[in-house]
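Presented below is the structure to which this report refers.
The values are calculated or read from the model by the stated rules, or taken from the named source; none is laboratory data. The structure presented is a predicted model; accordingly, all values stated were derived computationally and were not measured. Note that each Cβ is placed from the backbone with ideal geometry, even for glycine, and that neighbours are counted across all protein chains shown. The area values use the complete protein model at the heavy-atom level, side chains included, leaving out ligands, DNA and RNA. Shrake-Rupley method; radii C 1.70, N 1.55, O 1.52, S 1.80 Å.
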Amino acid sequence: MAEPGRFFCTAGRGMEPFVAREVRARLGATEVDCVSGKVFFSAAAGLGELRGLRSGERLFLLLKKLSPLPVTGSRGKMLQEIKSLVMEEPKYWLDIISVWRKLHGHEGRTGDVSQENASDLKRKSEEETSTASKRQKTEQVSTDVPEECQVEAGETYVAPERMSSQECWTESKTSSELPSKDSGGNPATDEKLGFSFRVSCRCSGAIAKVLTSQEVGRALGVALVRQCGWRADLRDPDLEIFVHLNDIHSVVGIPLFRLPLANREYIKTAGLRSTVAWAMASLAEISAGALVLDPMCGLGTILLEAAKEWPEACYWGADISESQLEGADENIRTAGLVDKIELLKASVKALPLPSESFDSVISDIPFGKKFKTTNDAQLLPDILQEIERVLRVGGTVVLLLSRELRRRADGLTRSAGGDPADGDSGAAPAPGTEGNSSSSAQGRAESVLSRRLGSLVPEAVHAVSLGRTDAFIHKYRKVSAAGN
């Protein structure tokens, strides 16, 4: 059995509750703590089990989770405090690397970093400490990046990530050109260690107004080269050290996998974000032998995620576009799910399927160029009516709607008592605010859930982010035959 470990998983805005539920159910996780964009948890799980997570973006071994750093006017002092997050005794990093190697199946191997090198690391740490006070004094009187970083940092690579309304950040990675005065004079030590790394840093909130991610990543990279004698490598490092500083916490971690969890090897052509597709399928209550339909399947991402996770059900996908069906068929063949998913060319307004024949309907209602405020959006009543027709009583409907389509769907609803609903109901809490929304926002969400669409009774609304666009996952249950 794997040893207990402390981890955190990054998540798209609004996906945190799905990640929390999944790590509890799949890994038996404890001490689960959700914050915007991250879920922290403890679990005794092996790498294979951890890799099986479907709702998260990237998974990290948690090294430190501390209070946010105080923001002062001294950039040098702040950089020194940031360095203290990462700079530890040599044995600390040897232990961390040992844990990391065990997770990756290298038990009993010390590899490039061995206990015999502890003395070399310790010597470097002592040399760093002996000049710390001099450097700190220089940094405190300087308003720019410390001179040592300016001269020695070399090339810095900045990879901008998707920007959100709640948090804007860039990722700064130290390059392979980082030199080291201390290690440069001792090639024997470098040869023995032969261990490469990079630092990925995110700064947001108040600290980002004083220091950039590039400056922090550069300073940390130089300090690690000096202390440990490691070789910085941007392209293919042995180890990546992740640092995130914001107004909520200061986090240090190591990614467990080079590629994000959201990258699915079984999806050849990507459509809807795989994590969102999985979240939608998880709400549909799919059971063995169930019939599941996506009447606007596109490239089939929802069907693929559902069939991989719940293989005992039968899946059907329909679309009016020949090219989309060809892409879906290619994805299904790549995933090895030809015997699980059937495709048919049909309009969602007139499905050639018997009434009340499916247990679940899951669909991403298109809302790109096709579904803006055009005549196409007027088709929404016909779409919902046909979905209602083919669904069995007691079955579930899970739909992904844009903000505009959500307003239109609300305009079609009626209260349980039969009174006409207002044309524009309140929005669900913004992505990432679940559990922290104001009473007025909660009231608006309850107002939405008090309404029904024909025989479909709403059960949940989840606001999620699709990058630049916010969307809403709606779950309904059919409580009576259509028209009754």
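Structural remarks
- Close amide-amide hydrogen proximity is noted between TRP316 and VAL292, LEU293, ASP294, GLU342, each under 5 Å apart and 5 or more residues distant or on a separate chain (H modeled in the peptide plane; Pro and chain starts excluded).
- Neighbourhood net charge (14 Å Cβ-Cβ; Lys/Arg +1, Asp/Glu -1) for ALA25: 0
- Under 5 Å from the amide H of GLY5 lie the amide H atoms of ALA43, ALA44, ALA45, each residue being 5 or more positions distant or on a separate chain, with H modelled from the backbone and absent for Pro and chain starts.
- Whether the stretch 214-366 is rounded, prolate or oblate, judged on the alpha carbon gyration tensor where a/c under 1.5 counts as rounded: prolate
- Accessible area per residue (1.4 Å probe, heavy atoms of protein chains only) ranks ARG264, ARG6 as ARG6, ARG264, with the largest value leading.
- Peptides ranked, highest mean first, by Cβ atoms within 10 Å: ranges 287-294, 273-280, 39-46, 320-327: 273-280, 39-46, 287-294, 320-327
- ARG231 long-range amide H proximity, modeled H, under 5 Å: PHE195, SER196, PHE197
- When the C-alpha to C-alpha distance is required to be over 26 Å, the pairs from LYS38/LYS478; LYS308/LYS345; LYS83/LYS209; LYS65/LYS102; LYS102/LYS340; LYS349/LYS475 that qualify are LYS38/LYS478; LYS102/LYS340.
- Each residue of the stretch 39-52 was assigned a 3J(HN,Hα) from its phi angle through the Karplus curve 6.51 cos²θ - 1.76 cosθ + 1.60 (θ = phi - 60°); the sequence is 10, 9, 7, 10, 7, 9, 9, x, 4, x, 5, 5, 5, x Hz, with glycine and proline shown as x.
- Between HIS104 and GLU49, full extension at 0.36 nm per residue minus the direct alpha carbon distance yields a gain of 18.6 nm.
- Per-residue HN-Hα couplings for the stretch 59-65 [Karplus 6.51, -1.76, 1.60; θ = phi - 60°; Hz; x = Gly/Pro]: 10, 10, 7, 7, 9, 8, 9
- With all protein chains modelled, accessible area of LYS65 [1.4 Å, Å²]: 80
- Sequentially through the stretch 271-277, phi angles give Karplus couplings (6.51, -1.76, 1.60; θ = phi - 60°) of x, 4, 3, 4, 5, 5, 4 Hz, Gly and Pro residues having no value and appearing as x.
- Using a probe of 1.4 Å, the accessible surface attributed to ASP238 totals some 50 Å² when neighbouring protein chains are kept in position.
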